[in-house]
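The values are calculated or read from the model by the stated rules, or taken from the named source; none is laboratory data. Keep in mind that what you see is a predicted model, and the values were worked out from it rather than measured. Cβ coordinates were reconstructed from backbone atoms using ideal geometry, including for glycine residues, and neighbour counts include every protein chain displayed. Keep in mind that these areas ignore ligands, DNA and RNA; they rest on the heavy atoms of the full protein, side chains included. Shrake-Rupley method; radii C 1.70, N 1.55, O 1.52, S 1.80 Å.
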Amino acid sequence: MPTCTGHRARPRRALAFVLLALALSRPSFAAAAGAAEGGPQARSATPVTLLPPVLEGAAGVRLTWSEASAPDFSHYAVWRSETPLPVPSLDLLGAVLAALGVTAALLALRVGHRAHPVRRRVATAAIIAALVGLWVITAEQASSVSIADLPPAPGEGVWLTTIDDRATTTYLDSAVPAGVYFYRIYLFTTGDDMVSSNEQPFYDLAPTPTPTPTETRTPTVTPTATRTRTPIQSPTPSPTITPTSIPTINANLYLAELRLTQATDIGLSPKANLGAVTVPRIAGRTAVVRAFVGVSGYSYLVDSVSARLRAYSGGDELSGSPLVASIDKLPESASEAAWSDSINFTIPSGWLEEGTSFVLEIDPDNAYAETDETDNRAPGSGTTPFELVSTPDLDLMIVPVTHAGVPPDSAAFDDVQDWLQWTYPVPDVSRQIHSSVTYSGPPVSSDGTNWDAVLDFVTDIRGMETSAPNRYYYGVFYPGYDYGVVGLGWMPYYPSSPLPVAVGTDRSFAAGETGAHEIGHNHGRRHVAASGSGCGTPSGTDASYPYANGIIGVVGWRAGATELYGKAAYRDYMSYCNTTWISDYNYKAFYDWDAYYNSARGSAAPNPTSERVYYLSGVVRAGRATTTMAAELRDHAPTPDEGALVLELLDASGGVVALHHAASAPADHITGVSAFQVKVALGRGVAVSGYRLSSQSGAVLAEEMRTGKAPEVTQLAARRSVGEDIEISWSDSVGRGGLAVVMTDTGPDGSFEVRAIGANTGSARLRGGVGELAARHVSRLRLLVSDGARSTIMERPL
């Protein structure tokens, strides 16, 4: 019987030794498992000892630690919590279980078969506890995680910083509030294996070596050593920070630069100019204010930063003020072309009026108690004006032109308006859509052939209408192809002699940019020379353009977007390149042109007393002029008496009854071709039978004289034709070879717009018919016929 019991005890001893050996070998199993899963290799424990934290004055809390072996860790992470970990350390728990279990196991081995059955069961449980303890220890050492894998902090815990692999000390938490905190150091290998130190509590200690504060858990209330949980905000615009009353972070935020962007970057503070020219800030135009924040000192202690922008008018804060914005992370080196590298404020249009001022503050709520709070504000005190200038809207008339029987794609109208709105120095684009007109001349070609004929056609439409003198006409049509010449416009030399007419393609990939380019020519802008991918070779380039290779020179921005146009990556759209925007140089040139143009022409409205003018238009080529229209008009104002062309109006005997000077404007890329448009006031009773157009040197460019019966319209009728179209027919004394213009009124203001223009065939068709006429409030029909020198007008209700 005893022998049988002894035989049962020996296997129990053997089993205990086997289980202990397996437990002690657990780390190698864990390592093998980690390798099999493709994850980081687990490592043996490396003792890490964190010494008690010490507050060293303004430097902050100093943490010091040591390792039992040589440092071979890639990085360290510091954890801070207001509460200790919610469970006892697994290392400590495992050690206790292992110690108790091993002691009990040895006791069980000693008593052997003589042990009481209850004692044997206790010994068996102790062996299991020992195995669990050893397993816990090795399992924790086998953990393999990165900082990103670690769970959220218990309580108000937070990961404070990471440091390099040679550090054994660091300073942090210079602005830690009063209270008790627990710190721990986590060490990571290059394979992301991790070990951690013991936890160390930190108690709110007075700074050492300052002599007056005493180290106590309950701070004494004195004027110089009172500590609070929140930073103290000074009520003055430039707060003075007392080092002994507000802990600092040993870092300093400052407002590095402030910009206002309206299509192109404009400096606010401290830089006045960013590029080659001083660019105006346009009142009423969409803008974004960009604040660039710098940080010095311990920059790794600074994370997100907020800013606040206030606006005022006449001392009163504007509605919607303040605006608040922030940046999630300050960049190490801010890029002016990166939207996310600045704090951005989209400015309400109501703020951007003359006389408004602003103040911008970074970190306005003192989230960071810095070493210097005086450089967080622009201006340093008070407010500073936006310095805005007022300018009229861009007055634009879109003319849909049916070319070769095909009407244009109406989506192009919005594209043209958008590009002008984005890139022109105006508060808005006031757009009107003209009634559709049909061009009946020869079709255009991709090499530019007959483009000037379409341009002449739209130019005469503008000349025959009583439009505002500063209104730009832009004809949109489908040229019959996608690639080749896509636009043409007149390019006057001076704002005093404008010819604001251009035409361009309706293709979606080019319509908007082409419109901005051609109307740029109407502002006197030449091409910009550039080379590279997608850049052609334009003629007549601007030798004064300040940036090499046609780049835009400063960062650009499109209203409503959250992206920017790099100053070296984009070319000015007055070039022939593909990737384009507007430069500050041409943006300023557009403003200067319109400032003169609007002031010189803004008061030259048509005379409401039906002033008679003689209208002559045409094109000069190689020393000869070809006139496109010669007629007497009503309700028009004369053009300025200036320019190198001399127009003489002749009576029936050839005598000069009026003399007037006129300017011409070349086409943007057709060498030797320029256009003219002149209107001469006619006195009461003056009858014109012919004209003579000469150069300044006296050379006759064109001359026409008519005798016999003057033009007369005897019949004018209108009837509905196929579908909704209306057929206009008339009889007159001019006959073949003359010109005819069909117009309709545009409502109660009494003005007329051209509906058809071309050879006098005795008939014309109004597209769109009754529905369009009703929508435009049309009530009258006007017909003008000309024999090339004389003309007559007939009207009737419609």
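Just one of (1) of a type outside the set (Val, Ile, Thr); (2) farther than 20 Å from residue 753 by Cα; (3) surrounded by 22 or more Cβ atoms within 10 Å (Cβ to Cβ) fails for residue 457. It is (2).
Candidates are the residues of region 417-436 that are touching a residue at least 40 places away in the same chain (Cβ under 8 Å) and more than 18 Å from residue 285 (Cβ to Cβ); the one that is surrounded by the most Cβ atoms within 10 Å (Cβ to Cβ) is 434. From the list 401, 359, which one is assigned to a strand (DSSP E or B), within 23 Å of the chain's Cα centre (by Cα) and touching a residue at least 12 places away in the same chain (Cβ under 8 Å)? The unique qualifying residue is 359.
In region 556-595, the qualifying residues are those that are more than 18 Å from residue 541 (Cβ to Cβ) and of a type in the set (A, V, I, L, M), and the one that is surrounded by the most Cβ atoms within 10 Å (Cβ to Cβ) is 564. Within region 531-548, take every residue that is modelled with pLDDT of 90 or more and in a loop (DSSP other than H, G, I, E, B) and give me the one that is nearest to residue 484 (Cα to Cα). Filtering region 531-548 for residues that are modelled with pLDDT of 90 or more and in a loop (DSSP other than H, G, I, E, B), the one nearest to residue 484 (Cα to Cα) comes out as 535.
From the set of residues in region 736-754 that are open to solvent by 60 Å² or more (accessible area, probe 1.4 Å) and of a type outside the set (D, E, K, R), which is farthest from residue 659 (Cα to Cα)? So the residue we want is 748. Counted as qualifying within region 722-798 are the strands (runs of 3 or more DSSP E) with 2 or more residues that are of a type in the set (Gly, Ala, Ser) and out of contact with any His (no Cβ under 6 Å at 6 or more places or on another chain), namely 726-732, 752-759, 763-766.
Checked against (1) open to solvent by 50 Å² or more (accessible area, probe 1.4 Å); (2) among the small types (Gly, Ala, Ser); (3) under 30 Å from residue 436 (Cβ atoms), residue 412 passes all but a single condition, namely (1). When we screen 697, 733, 664, 653 for residues that are open to solvent by 20 Å² or more (accessible area, probe 1.4 Å) and in contact with an Asp or Glu (Cβ under 6 Å, 6 or more places away or on another chain), the only hit is 733.
Residue 671 meets the stated requirement of being on the phi < 0 side of the Ramachandran plot, assigned to a loop (DSSP other than H, G, I, E, B) and open to solvent by 50 Å² or more (accessible area, probe 1.4 Å). Of all the residues in region 706-730, those that are surrounded by 14 or more Cβ atoms within 10 Å (Cβ to Cβ) and closer than 30 Å to residue 622 by Cα number 1. The criterion of being assigned to a loop (DSSP other than H, G, I, E, B), closer than 12 Å to residue 613 by Cα and open to solvent by 40 Å² or more (accessible area, probe 1.4 Å) holds for residue 687.
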